[in-house]
Amino acid sequence: MIVAKPKPVEEVIESVSGFDRILLVGCNECVTVCEAGGRKEVGVLASALRMHFMNQGRNVQIDEVTLERQCDREYLEEIRNRIDQYGAVLSLACGVGVQFMAETYFQTPVLPGVDTCFMGVTEERGLWSERCQGCGQCVLARTGGICPVSRCAKRLFNGPCGGSTRGKCELSKDLECAWQLIIDRLTELGRLDDYEELAPIKDWSTERAGGPRRVEREDVRQ
Amino acid sequence: MRLQYPGSVRIVSVPCTGKVDLIHIMRAFEKGADGVYVLGCMEGECRYESGNLRARKRVDKARDLLERIGIGGERVAMYNLSSSEAPRFVAYAREMTERIKKLGPNPIKATSKKHKAAGAGAA
């Protein structure tokens, strides 16, 4: 999933302070799972904002809605008949949702309520970590299911660097060396021969370095 | 034991303090409560293992958020006691009531009154 974290409430207050009618829009997908922008978080933030403005003697209307997704047009359409009532939308979706909302409702300012961080997993409640950088050319089959692009600080493809010490990365004692993990898993799977094979030079043009990307599939396109 | 506790305290009973969510505390303030305290079982003695520990985290979160938005974090508290400790129940109710009296009423009540008065004047 896409992992995000709530913006500090002071930053949100500053960004919406110029508006008198605000629609706070949550998203039922990734940001709900990482407890940053689901229905619950929408309720708490809306309540906090209402109280803040009430305390300042300002009458700011803050309404709440949580959509199934904000990265699909059909769900964004659900607010079309009410969008004109608001001076701004405060979206608690990831950066993708915020942008698609802004594209869909071109004349309404759309502001982000979360900081989008990465594609990752819930290791435990309250702890998320990165697993994929969407490089566009998956190498997990050769690396024991552990990604050297997202989990190795240097994105190395043929074993660890000299900074790997006792299984940890030189960046931090809390950070596992991805290549240690890969070797451990290949050993466990009895496939250490895979490690001996030199990885071909990676085509980075499918990664972000090649500019903004898109996937076009004629088989499913209508 | 028939002990008296301050009449300003309104009790909302829940099956376990683990049921208390951040939004419940926020809504209480939004509706004009001057203070909120959560009274849970002793730590380590939760029938559901961690209900009271979760509640404490949510109270901490509420305190932080209310401080940041200018309502005042000191208006929220968490206390722990056993169900048979009536005198302690009263002591906590008094302690909290005293604290809130010192802090004064929920600031949004004053401003919303002013707001309404101004609105009525203009009409």
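Numbers for the structure displayed
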item: Residues that are without any contact (Cβ under 8 Å) to a residue 24 or more places away in the chain and of a type in the set (A, V, I, L, M, F, W, C), drawn from the range A:32-52; result: A:Val44, A:Ala46, A:Met51
item: Count of residues meeting criterion [under 27 Å from A:Val121 (Cα atoms) and open to solvent by less than 20 Å² (accessible area, probe 1.4 Å)] in the range A:1-43; result: 15
item: Selection status of A:Asn55, touching a His at 6+ places or on another chain (Cβ under 9 Å), under 30 Å from B:Pro107 (Cα atoms) and open to solvent by 20 Å² or more (accessible area, probe 1.4 Å); result: no
item: Verdict on A:Leu90 being buried (at least 16 other Cβ atoms within 10 Å of the Cβ) and in contact with an Asp or Glu (Cβ under 7 Å, 6 or more places away or on another chain); result: no
item: Flag for A:Asp174 being at negative phi, assigned to a helix (DSSP H, G or I) and in the same structural domain as A:Gly145 (by TED's automatic domain parsing); result: no
item: Count - residues of the range A:56-96 that are in contact with a Ser or Thr (Cβ under 6 Å, 6 or more places away or on another chain) and part of a helix (DSSP H, G or I); result: 3
item: Residue tally, condition assigned to a helix (DSSP H, G or I) and surrounded by fewer than 16 Cβ atoms within 10 Å (Cβ to Cβ), over the range B:74-89; result: 4
item: Members of the range B:95-110 that are within 14 Å of another protein chain (Cβ to nearest Cβ), in a helix (DSSP H, G or I), surrounded by fewer than 18 Cβ atoms within 10 Å (Cβ to Cβ) and not aliphatic (A, V, I, L, M); result: B:Lys109
item: Selection count where residues are surrounded by 11 or more Cβ atoms within 10 Å (Cβ to Cβ) and outside any loop (DSSP other than H, G, I, E, B), scope the range A:195-222; result: 6
item: Tally, over the range A:2-39, of residues that are in contact with a Lys or Arg (Cβ under 7 Å, 6 or more places away or on another chain) and under 20 Å from A:Asn55 (Cβ atoms); result: 2
item: Sole residue being surrounded by 10 or more Cβ atoms within 10 Å (Cβ to Cβ) and without any contact (Cβ under 8 Å) to a residue 12 or more places away in the chain, chosen from A:Leu175, A:Leu181, A:Leu192; result: A:Leu192
item: Residue that is farthest from the other protein chains (Cβ to nearest Cβ), among those in the range B:63-73 that are assigned to a loop (DSSP other than H, G, I, E, B) and not small (Gly, Ala, Ser); result: B:Ile71
item: B:Asp60 vs. criteria more than 18 Å from A:Met54 (Cα to Cα), within 14 Å of chain A (Cβ to nearest Cβ) and either within 11 Å of the chain's Cα centre (by Cα) or assigned to a helix (DSSP H, G or I) (or both); result: yes
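The values are calculated or read from the model by the stated rules, or taken from the named source; none is laboratory data. Note that the coordinates shown come from a computational prediction; the quantities given were computed from them, not determined experimentally. Positions of Cβ are backbone-derived with ideal geometry, glycine not excepted, and every protein chain shown enters the neighbour counts. Side chains are part of the model used for accessible areas, which takes the heavy atoms of the whole protein and leaves out ligands, DNA and RNA. Shrake-Rupley method; radii C 1.70, N 1.55, O 1.52, S 1.80 Å.
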